[in-house]
Amino acid sequence: MDSSARTTMPVYFLSHGGGPWPFVDGMREQFALTERALRELPQRLPRKPSAILVITGHWEEDELAVSAAERPGMEYDYTGFPAHTYHITYPAPGSPALAARVQALLAQAGFPVRADSKRGFDHGTFVPVGLMYPDADVPVVMLSLQSSYDPREHIRIGQALQPLREEGVLIIGSGLTYHNMRGFGRDDSGAVADAFERFLSHAIEQEAGTRNRLLEQWEQAPHARAAHPREDHLLPLMVVAGAAGSDPGRTVFRDHAMKVPMASYEFGHAQVA
């Protein structure tokens, strides 16, 4: 293995926005900063990833599952959008080899995990990854959340995945720093989202032990349950924090749409122009 292959990849938590927004006029303009940041994000990496592992807030199982299809299909897991958004395709290959590696790492850490050969790309995957790699030339594998929603266990999941960073795999947690479907657009949602995001931004900047402890206790943060009535879009951050190991976190970009801020975080070394 050459020296470039041993470069440790950073890890990311990305706030992926609402539904298939890059394909919807009016919505795309709201997320202009996010679009620009995601298109530029590959320039921050030390090398092109050998593959991407996405922990998506749009897939949860009683026991962990990893996508194992060679040619994943699509999951149109949204409602009320224009008809053409149910025909979007993102033809990136999967990677059965990476899926097997993920299974082996998690099994070694004591997590039951199964391969799912039918799971396709949901919008938490094809939106950010499609903007980063529009040529669909990097294999993409998805990992589910556990429906127990235990934050400590999701940090442990990430810790088990750390070796992938030395193998050229880019680990992405895809969710949102604010995800209250009834709150989007309300006049008070901005203050709620701001307060909770301040907690998250402070937490991720701490040394690993403090960071993980704060994230485990996220429900004690200001407006926590108002920001996340269900924590499906927050738990990918727990996995990423575990995968970060001792690497510090930072806000890599912050957008504002639907009256709320949405932050994205980077952990570890990145090439900054």
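The values are calculated or read from the model by the stated rules, or taken from the named source; none is laboratory data. As the structure is a prediction and not an experimental result, all values here were calculated from the model. Positions of Cβ are backbone-derived with ideal geometry, glycine not excepted, and every protein chain shown enters the neighbour counts.
The one condition from (1) closer than 23 Å to residue 31 by Cα; (2) surrounded by 22 or more Cβ atoms within 10 Å (Cβ to Cβ); (3) not aliphatic (A, V, I, L, M) that residue 212 does not meet is (1). Within this structure, residue 172 passes the test of being modelled with pLDDT of 95 or more, within 13 Å of the chain's Cα centre (by Cα) and within 17 Å of residue 235 (Cα to Cα).
Considering the conditions (1) buried (at least 20 other Cβ atoms within 10 Å of the Cβ); (2) modelled with pLDDT under 95; (3) of a type outside the set (S, T, N, Q), residue 29 is excluded by exactly one of them, (1).
If the condition is being in contact (Cβ under 8 Å) with a residue 12 or more places away in the chain, part of a helix (DSSP H, G or I) and of a type outside the set (Lys, Arg), then the range 69-110 contributes 84, 85, 96, 98, 99, 100, 102, 103, 105, 106, 108.
With respect to being among the aromatic types (Phe, Trp, Tyr), surrounded by 21 or more Cβ atoms within 10 Å (Cβ to Cβ) and not in a helix (DSSP H, G or I), residue 149 falls outside the description. Taken together, 122, 135 contain a single residue that is of a type in the set (Asp, Glu) and buried (at least 19 other Cβ atoms within 10 Å of the Cβ), which is 122. Of the candidates 221, 227, 270, 241, the single residue that is touching a helix residue (DSSP H, G or I) at 6+ places or on another chain (Cβ under 9 Å), surrounded by 19 or more Cβ atoms within 10 Å (Cβ to Cβ) and under 19 Å from residue 8 (Cα atoms) is 241.
Restricting 42, 49 to those that are part of a helix (DSSP H, G or I) and either surrounded by 22 or more Cβ atoms within 10 Å (Cβ to Cβ) or touching a residue at least 60 places away in the same chain (Cβ under 8 Å) (or both) reduces the list to 42.
Highlighted here are the helices (runs of 4 or more DSSP H) found entirely within the range 157-264 that include at least 3 residues which are over 22 Å from residue 111 (Cα atoms): 189-204, 208-216, 224-227.
For first residues located in the range 142-155 and within 20 Å of residue 98 (Cα to Cα), partners that are among the charged types (D, E, K, R) and outside any loop (DSSP other than H, G, I, E, B) and lie 6+ apart or on another chain with Cβ distances below 6 Å form the pairs 144/60; 144/61; 145/60. In this structure, is residue 114 surrounded by fewer than 21 Cβ atoms within 10 Å (Cβ to Cβ), part of a strand (DSSP E or B) and at pLDDT 95 or above? Judged against the criteria, residue 114 is a match.
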